[in-house]
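What follows is a set of notes on a single structure, which appears directly below.
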Amino acid sequence: MIDGSFTGYTDRATVLCIDDDPQVTELIALRLARYHLDVLRASYGMQGLWIACTNAPDLIITDMRMPQGGGNYIIERLRYNAATHAVPVIVLTGQGDPCLEATARSFGILAFLTKPVRFDDLLAAIQKVIPLCDPDSEELEFGT
């Protein structure tokens, strides 16, 4: 598990999770670690935007209602930034508002999931862009 201050290099895919509920980001980080993914975490919108711009994650999972930059604002900023415009975004929110979803989808998000979410549904969305390792496999391949 990695926090937002990490700027090292890794061959593993990196997911940025932006949510003001630390239990959500911690749970996602713990669960995704089993799939050999590194997880960066942000507690509010602008922090997540900064981490996305400075760490080049392979995927972003974001809440919609957060302090200092709600989800739609963050997604819009990601799309207009050359460094982040192509990073896939999954929305994970407690807000099931169809208008909110439509606005998020207009920015080309990968998936719109509502809390509480089945972890299998989140994994299915992630697998659309990141191949996941078998969590029961103890073998990791290193360069040949």
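The values are calculated or read from the model by the stated rules, or taken from the named source; none is laboratory data. Predicted model, so just to flag it, every value in this text is computed and none were measured. No Cβ is skipped: glycine too gets one built from the backbone with ideal geometry, and neighbour counts run over all protein chains shown.
Annotations
- The single residue among Cys17, Cys53 that is outside any loop (DSSP other than H, G, I, E, B), surrounded by fewer than 18 Cβ atoms within 10 Å (Cβ to Cβ) and touching a Ser or Thr at 6+ places or on another chain (Cβ under 8 Å) turns out to be Cys53.
- Picking from residues in region 73-110 that are at pLDDT below 90 and among the small types (Gly, Ala, Ser), the one that is surrounded by the most Cβ atoms within 10 Å (Cβ to Cβ) is Ala104.
- Taken over region 48-66, residues that are of a type in the set (D, E, K, R) and touching a helix residue (DSSP H, G or I) at 6+ places or on another chain (Cβ under 9 Å) amount to 2.
A quick yes/no check of all residues on (1) free of Cβ contacts under 8 Å to residues at least 12 places away in the same chain; (2) under 13 Å from the mean Cα position of the chain (by Cα):
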residue: Leu27; (1), (2): yes, yes
residue: Tyr35; (1), (2): no, no
residue: Arg41; (1), (2): no, yes
residue: Gly45; (1), (2): no, yes
residue: Pro57; (1), (2): no, yes
residue: Arg77; (1), (2): no, no
residue: Asn81; (1), (2): no, no
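- Count of region 82-129 residues which are within 20 Å of Arg65 (Cα to Cα), small (Gly, Ala, Ser) and not in a strand (DSSP E or B): 6
- Taken over region 25-41, the criterion of being within 15 Å of Val129 (Cα to Cα) and assigned to a helix (DSSP H, G or I) is satisfied by Leu32 alone.
- Residue, nearest to Val24 (Cα to Cα), within region 59-75, restricted to residues that are touching a Phe, Trp or Tyr at 6+ places or on another chain (Cβ under 8 Å) and either in contact (Cβ under 8 Å) with a residue 40 or more places away in the chain or not in a loop (DSSP other than H, G, I, E, B) (or both): Met66
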